[in-house]
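Note sheet for the following structure.
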Amino acid sequence: MNARHADWLSTAKSDLEFAEVGLAQKFPVQTCFLSQQAVEKALKGVLVFLKRPYPKTHSLLELSRLVPELDLKPHRLNLTILDGYYAPLRYPDALPKGGPLDTVGAKEAKEAVALARIVYNLASALTSQP
């Protein structure tokens, strides 16, 4: 297992910062996808920090359950929404009808970035403790 939690968190931070640029520049699809990635990497970074194995999954709900220390229960609905952005926003034919641009807009992008920022901040605070 990779024992470099700081690498996971710095990559999460980079994804989050790029998602914020995407939000400002009105790229909602990319913003939502990168927000999902930021949360996934932050959660895996916490698991590495805690010396726990992380599953080979992209499910934010599954990962969040493995780190109860972050108390993400109040955010489960939003994590579920963010989970839904992983595959469908990457492929134009992943949805029954319409493409990614028909699925998310500025509102969803703003909410995705806000949740990613919350999770990243919680992960950073936990992993900076001695």
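The values are calculated or read from the model by the stated rules, or taken from the named source; none is laboratory data. Keep in mind that this is a model prediction, so the values were computed, not measured. Note: ideal-geometry Cβ built from the backbone for every residue, glycine included; neighbour counts use all protein chains shown. In case anyone asks, the SASA skips ligands and DNA or RNA and just uses the protein heavy atoms, side chains included. Shrake-Rupley method; radii C 1.70, N 1.55, O 1.52, S 1.80 Å.
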Exercise for the section: Would you check if residue 104 is surrounded by 21 or more Cβ atoms within 10 Å (Cβ to Cβ) and touching a Cys at 6+ places or on another chain (Cβ under 7 Å)? Expected result: yes
Completion exercise
Pairing a residue in region 117-129 that is touching a residue at least 24 places away in the same chain (Cβ under 8 Å) with any residue that is open to solvent by 80 Å² or more (accessible area, probe 1.4 Å), where Cβ atoms lie under 7 Å and the two sit 6 or more apart in sequence or on different chains, gives 120/13; 126/69
Problem - Test: residue 33 is touching a residue at least 40 places away in the same chain (Cβ under 8 Å), in contact with a Ser or Thr (Cβ under 6 Å, 6 or more places away or on another chain) and either over 13 Å from residue 119 (Cα atoms) or surrounded by 21 or more Cβ atoms within 10 Å (Cβ to Cβ) (or both) - result: no
Exercise for the section: Specify which of the listed residues (46, 21, 67) is at pLDDT 95 or above, surrounded by fewer than 18 Cβ atoms within 10 Å (Cβ to Cβ), over 12 Å from the mean Cα position of the chain (by Cα) and of a type outside the set (Phe, Trp, Tyr). Expected result: 21
Exercise for the section: Any residue in region 48-60 that's basic (Lys, Arg): show its pairings with residues that are in a helix (DSSP H, G or I) and at pLDDT 95 or above at Cβ separation under 9 Å, as long as the two are six or more apart or on different chains. Expected result: 52/46
Handout entry: Residue match in region 85-100 (condition: within 12 Å of the chain's Cα centre (by Cα) and either open to solvent by less than 50 Å² (accessible area, probe 1.4 Å) or over 23 Å from residue 21 (Cα atoms) (or both))
Key = yes
Handout entry: Those residues of region 81-96 which are touching a helix residue (DSSP H, G or I) at 6+ places or on another chain (Cβ under 7 Å) and acidic (Asp, Glu), in sequence order
Key = 83
